[in-house]
Amino acid sequence: MDKQELSDRYRGYIDCLNRQDWPALGQFVDHDVHYNGQRIGLTGYRAMLENDFRAIPDLRFVIDLLIADPPHIAARLCFDCTPVGELFDLPVNGQRVRFTENVFYEFREGRVCNVYSLIDKAAIQSQLPLAKPNDG
């Protein structure tokens, strides 16, 4: 794949996520996909994404920056959403938050085979009200 083909393929993957078209996920993600160094496979990857959408009903992946260097993609994804409970162990509980994810992908035969993700938890935490001190 050249840069344009890989970029188009990645945009198709993001569209699949935003439509929550789980039966089509295998067209974009390898059966033996690794996430942050661990093999979770397509089934685990799908379960992770389904859980994300349960925790964040209005979740939408928005590409802010995309760099293609076959077989790799580097992307900055932006999120503006309202998680229903905790998010990354932070008590968001229905508050609207904005944050980014910097994510690096490796593709093999047109499918994501490795994902390295770093989510800006500090941005989320900075938007939450400070915890009230314990009155003891």
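FYI, it's all coordinate maths here, none of it is from the lab. Everything numeric in this text was worked out from a predicted model, so none of it was measured.
Scalar couplings 3J(HN,Hα) for segment 111-120, obtained by applying the Karplus form with A = 6.51, B = -1.76, C = 1.60 to θ = phi - 60°, are 10, 5, 10, 9, 10, 10, 10, 9, 9, 7 Hz; x denotes Gly and Pro.
Counting DSSP beta bridges in segment 3-126, what percent are antiparallel, to the nearest 5? Could the numbers behind the result be given before it?
On the way: 29 of 32 bridges.
Of those bridges, close to 90 percent are antiparallel.
Multiplying the residue separation of Lys3 and Asn102 by 0.36 nm and removing their Cα-Cα distance gives an extension gain of 33.7 nm. Relative to the first principal axis of the alpha-carbon coordinates of the chain, what is the inclination of helix 3-19, with its axis defined by its Cα atoms, in degrees from 0 to 90 and to the nearest 10? Approximately 50 degrees, to the nearest ten.
Take every Cα pair under 8 Å in the chain that's 6+ residues apart, average their separations, divide by the length, and report that relative contact order as a whole percent.
On the way: 237 pairs, mean separation 30.9, N = 136.
Here the relative contact order equals 23 percent.
Computed over segment 18-59, the percent of Cα pairs more than 15 Å apart is 40.
The share of alpha-carbon pairs in segment 3-126 lying farther apart than 25 Å comes to 21%.
Couplings 3J(HN,Hα) of segment 66-79, computed from phi: 9, 10, 10, 9, x, x, 10, 10, 10, 9, 10, 9, 10, 10 Hz, in residue order, whole Hz [Karplus 6.51 cos²θ - 1.76 cosθ + 1.60, θ = phi - 60°; x for Gly and Pro]. For Val29, the residues whose modelled amide H falls within less than 5 Å of its own, excluding neighbours fewer than 5 places apart on the same chain, are Val112.
When the Cα centres of segment 11-64 and segment 104-130 are compared, how far apart do they sit, in Å? Here the answer is 12 Å between Cα centres.
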